[in-house]
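The values are calculated or read from the model by the stated rules, or taken from the named source; none is laboratory data. On a predicted model such as this, the values are computed, not experimentally measured, just so you know. Glycine gets a Cβ as well: all are built from the backbone with ideal geometry, and neighbour counts include every protein chain shown. Side chains are part of the model used for accessible areas, which takes the heavy atoms of the whole protein and leaves out ligands, DNA and RNA. Shrake-Rupley method; radii C 1.70, N 1.55, O 1.52, S 1.80 Å.
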Amino acid sequence: MSMMNSSALKSFAPSGTLRVGINLGNPLLANEDAAGKLSGVTIDIANEIAQRIKLPLQLIPFKTAGATVDGIKSGDIDLVFVAIDPVRGADISYTPAYIQIEGAYMVKVSSPLQSNDQVDVAGSEIVVGKGSAYDLYLTREIQHARLFRAVSSQAVVDDFMSGIGNVAAGVKQQLESDAKRYDGLRMLPGRFMVINQAIGIPKARLGFEDITAYLSELIAELKQSGFVSEAMQHHHIQGAKVAD
């Protein structure tokens, strides 16, 4: 593929270091161990980008997607890995998606709810991670139920089990994992949305269109070559797929 020209490179990473925001709010794609070491598909892709453009890499972890997006809006980071969303798209230029993830609902075993289409009714209260792709989507789509926003996606099930709401919403795998800490929970079948995860850069940068085009070409290559699927296998990701 083509190289990024010098003017685009300077605009892309003005500090001379590629500063990448890593969203720890989605453990399917990024994690941090007790020693502070980051790992996951997004870290693998970030390293590959830095190698291609021959710049040092700085990984900057954030606890939530919302905080990650705020970091790119403020200019403190150069690139993020977040879900494509039209609200965020006002400030962020996206590549095509590299991974698709399912959003799902979880309820208590005693709940009368049996399907996703029964959730959006008067009296339903959905717990969702504040600023997450699920929060943004449900804010637009929910007509009758109320939303309660947990401080992060990881806090959704704990808030739910503390007595808040009657439905928990989030990454299917995150909910299933968290549910193992409690008894009496079940997933509603299927999914209520598909989340397209992509690379985003700030539209405030000069020539962001050219930078986006370069990164889009790179992502297409990483999908076609098997890089993304191999990274998913290496990090034992299930319930997601390489985006078309």
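Couple of notes before you dig in:
- Residues that are closer than 29 Å to residue 176 by Cβ, modelled with pLDDT of 95 or more and not hydrophobic (A, V, I, L, M, F, W, C) within region 1-31 comprise just one, 21.
- Filtered residues of region 168-202 (kept if among the hydroxyl-bearing types (Ser, Thr, Tyr) and on the phi > 0 side of the Ramachandran plot): none
- Enumeration of residues in region 151-169 that are within 16 Å of the chain's Cα centre (by Cα) and hydrophobic (A, V, I, L, M, F, W, C): 151, 155, 156, 169
- The set of residues in region 119-148 being open to solvent by 70 Å² or more (accessible area, probe 1.4 Å), outside any loop (DSSP other than H, G, I, E, B) and either of a type in the set (A, V, I, L, M, F, W, C) or more than 19 Å from residue 23 (Cβ to Cβ) (or both) consists of 140, 141, 146.
- Where residue 168 falls short, out of the listed (1) of a type in the set (A, V, I, L, M); (2) touching a helix residue (DSSP H, G or I) at 6+ places or on another chain (Cβ under 7 Å); (3) part of a helix (DSSP H, G or I): (3)
- Here 194, 167, 171 are screened, and the one residue that is of a type in the set (Val, Ile, Thr) and at pLDDT 95 or above is 167.
- Filtered residues of region 99-117 (kept if open to solvent by less than 70 Å² (accessible area, probe 1.4 Å) and part of a loop (DSSP other than H, G, I, E, B)): 111, 113, 115
- Residue ID - nearest to residue 130 (Cα to Cα), chosen from residues in region 26-44 that are open to solvent by 10 Å² or more (accessible area, probe 1.4 Å) and touching a residue at least 40 places away in the same chain (Cβ under 8 Å): 26
- Just one of (1) closer than 22 Å to residue 242 by Cβ; (2) open to solvent by 60 Å² or more (accessible area, probe 1.4 Å); (3) without any contact (Cβ under 8 Å) to a residue 60 or more places away in the chain fails for residue 96. It is (3).
- Residue match in region 232-240 (condition: under 26 Å from residue 91 (Cα atoms) and either in contact with a strand residue (DSSP E or B) (Cβ under 7 Å, 6 or more places away or on another chain) or surrounded by 14 or more Cβ atoms within 10 Å (Cβ to Cβ) (or both)): no
- Filtering region 170-217 to residues that are surrounded by fewer than 16 Cβ atoms within 10 Å (Cβ to Cβ), hydrophobic (A, V, I, L, M, F, W, C), farther than 19 Å from residue 114 by Cβ and over 13 Å from the mean Cα position of the chain (by Cα) leaves 204, 206.
For every residue, the table says whether it meets (1) more than 30 Å from residue 9 (Cβ to Cβ); (2) at pLDDT 95 or above.
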| position | (1), (2) |
| --- | --- |
| 76 | no, no |
| 84 | no, no |
| 111 | yes, yes |
| 115 | yes, yes |
| 119 | yes, yes |
| 122 | yes, yes |
| 125 | yes, yes |
| 131 | yes, no |
| 142 | yes, yes |
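- Of residues in region 45-90 being of a type in the set (D, E, K, R) and over 15 Å from the mean Cα position of the chain (by Cα), the one most open to solvent (accessible area, probe 1.4 Å): 54
- Taking every residue in region 1-21 that is in contact (Cβ under 8 Å) with a residue 24 or more places away in the chain and surrounded by 20 or more Cβ atoms within 10 Å (Cβ to Cβ) and pairing it with any residue that is β-branched (Val, Ile, Thr) and part of a loop (DSSP other than H, G, I, E, B), at least 6 positions away or on another chain, the pairs with Cβ-Cβ distances below 9 Å are 19/77; 20/77; 21/77.
- Residue list for region 1-25, filter: more than 28 Å from residue 207 (Cβ to Cβ) and either in contact with a strand residue (DSSP E or B) (Cβ under 6 Å, 6 or more places away or on another chain) or of a type in the set (Val, Ile, Thr) (or both): 24
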